Every structure is written in structure tokens, then in C-alpha cells.
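Okay, structure first, notes after.
The values are calculated or read from the model by the stated rules, or taken from the named source; none is laboratory data. Worth saying up front: this structure is predicted, and the values here are computed from it rather than measured. Glycine gets a Cβ as well: all are built from the backbone with ideal geometry, and neighbour counts include every protein chain shown. In case anyone asks, the SASA skips ligands and DNA or RNA and just uses the protein heavy atoms, side chains included. Shrake-Rupley method; radii C 1.70, N 1.55, O 1.52, S 1.80 Å.
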Amino acid sequence: MPKDLIAGNWKMHTSHLDAIQMIQKLSYRLEASDHSRVDVVVCPPFTALRSAQTVIETDHLLIKLGAQDVHWEEEGAYTGAVAAPMLQKLSVDYVIVGHSERRQLFGETDDDVNRKLKAVLRHEMTPILCVGETLEEREQGISKDRVGSQIRLGLQGFESGAVAKVVVAYEPIWAIGTGKTADADVAGDMATFIRSALAEQWDTAAEEVPILYGGSVKPGNIAGFMAKRDVNGALVGGAALDPDSFASIVRYWM
Ligand code: PGA
């Protein structure tokens, strides 16, 4: 069974100064025992990563650092982009790849996602591969086709050893930032589908992949998702911006 993982995606919020305060506040609300049960990850914007790294290292915090995106090249003429070696140097542990906002607003394709996943793994960080269907796809009854193809294309050419190092987040697009959550049964069913899709191609590696649910996760609904056999954690947007709410989500069993 993979260890539980709760990651906060801060999106385009917070200056580096806000980030320091938020990480400190979060750390006061968590205990060592929380960290032994759950990997707690914060993903601030790029501009706050250095400050976040410094506060985590100086205060010896057990909170882990994540980035929200990466470019697939090692370096080069890619104005505005950030490369995996730069993130690795900042002690980044996790990188979100293929978030639906990147796919929808920035035109990211499954092929881009595949290259980004490889870049993250090359630099010994853990990618959080986001997949999920639109409302239209759900209504047409093709959610599983969509998610299955995002998994297949995103992980194309991967060996089992590499797949075992990936985290998958199921984030139905209609539930992101809308206040509408997927029913825990729907999330659990999709997580089971994702695990079996992984097992079909990569056999036992599938058992090692943490599968997260994301989309309007809050302190009041997290327990329902975590009760599902194949859900190992959550990717949290809005509620991660409030250290109290985020800490309550991490400590959902209390
Ligand atoms: P939300 O965002 O929790 O605000 O719905 C989740 C996400 O986009 O990862």
C-alpha cells in the first residue's frame, strides 16, 4: 500500500513572503505523527520555491516541496520556462504534470505531458500526473476512455520501474474550483479503474502508485475519499491556501 499523500496546489497565488508564513503556520498545526502517516506537500508558484526551500530547511520541517509545472528540456532558449535541473537544485520533491489548467488554458498535450514526466524522473523527483474528464465527456459516458487514454499516452514508453515512481491524480475538470465534488463513490471507482489500467500494462508496479483525488477537496469531504480502497490521498487547490483547512485535511482521521 502506498503511503498517503496530501498535496496543496497553490496555483497562481502567494508571494514568496506569503509562502514563508503559510508554511510556518502549516507546520505549527502538524505533528511528527502526521508526517509519519501522510506525506505533506506544498506546491507554491516558482517565485516562492527558494523561500519555501529555505524555511523548510532552516526550521527542519517535514513538509515536502512541489512545483506546479516544468519544461521537458534540460536548458535552452525557452523564454519563461523552468527546467527540471533547476527544480532539483531547489530540493523540490514533487512536480505536478499535466494539470487540467495547463492542458486547457495553455494547450498542453499528452505528448508534452509524456516528455515532462520523463524530465522529472530523470532528475529524481516524483511527478504527479493529473488526469480527468470534462463535464461533457462525463455526460457522454466516456470518462474512462478519456482518463485511460491520458494514462496510456502520458506514460507511453515507460518501464514498470519508472511507472512505480509516478503519482496519479484523478481530477475531474468539472469539480475543480467549482465547489462541486465528485461523489466519493465516483472518485473511488475511477481510482480503481486507473489502478487496473496501470496493471494491464505495467503489472505489479500499479500497486505502488499512489492515486490521489482532486477537485474541491475540503476538511468536510476528505474522509469520504480517503475511505476508498484505491484513493491514497488528495491534490487540494483552494482549501490549501488556508493553513487551518489544509492541516485539517491532512489530519482527516482526527
Ligand atoms: P480545487 O483545485 O481544490 O480548488 O478544486 C484542485 C486542483 O486544481 O488541483
Q.
Taking amide H atoms as placed 1.01 Å from N in the peptide plane, list the residues 5 or more away in sequence, or in a different chain, whose amide H sits under 5 Å from that of HIS13.
A. none
**Q.** region 18-29 - phi-based ³J(HN,Hα) in whole Hz, Karplus 6.51/-1.76/1.60, Gly and Pro as x
**A.** 4, 4, 4, 4, 5, 5, 5, 4, 4, 5, 5, 8
Q: Find how many whole Å separate the alpha carbon centroid of region 129-147 from the alpha carbon centroid of region 188-254.
A: 17
Q) Excluding GLY107 itself, what net charge comes from residues whose Cβ is under 14 Å from its Cβ, given Lys and Arg +1 and Asp and Glu -1? A) -3
Q.
Accessible area of the chain with a 1.4 Å probe: how many percent of it is carbon plus sulfur?
A. 50
Q. For region 133-205, which GluC sites (Glu not before Pro) are both in a DSSP coil and crowded by at most 11 other Cβ atoms within 10 Å?
A. GLU159
Q | Overall Cα dimensions of the chain - principal axes, largest extent first, Å | A | 47, 47, 33
Q.
Please list, by residue number, every one of the trypsin sites (Lys or Arg not before Pro) in region 136-192 that is coil in DSSP and has at most 14 other beta-carbon atoms within 10 Å.
A. LYS180
Q. Taking the inverse of the average 1/r across all pairs of different Cα atoms in region 7-82, what Kirkwood radius in Å do you get?
A. 13.3
Q: Work out from phi, with θ = phi - 60° and the Karplus expression 6.51 cos²θ - 1.76 cosθ + 1.60, the ³J(HN,Hα) of each residue of region 221-229, listed in order in whole Hz, and give x for Gly and Pro.
A: 10, 4, 4, x, 5, 5, 6, 7, 3
Q: Would you calculate a helix-derived [θ] at 222 nm for the chain, using -39,500 (n - 2.57) for each DSSP H run of n ≥ 4 and dividing by the full residue count, to the nearest 500?
A: -12500 deg cm²/dmol
Q: Could you do me a favour and compute the accessible area per residue for the chain, 1.4 Å probe, result in Å²?
A: 45
(Q) Can you compute 3J(HN,Hα) from phi for each residue in region 169-178, using the Karplus curve 6.51 cos²θ - 1.76 cosθ + 1.60 with θ = phi - 60°, rounded to whole Hz and x for Gly and Pro? (A) 10, 8, 10, x, 4, 5, 9, 8, x, 9
Q) Rounded, prolate or oblate: which fits region 31-169 when a ≥ b ≥ c are the square roots of the eigenvalues of the alpha-carbon gyration tensor, with rounded for a/c under 1.5 and prolate only if a/b beats b/c? A) prolate
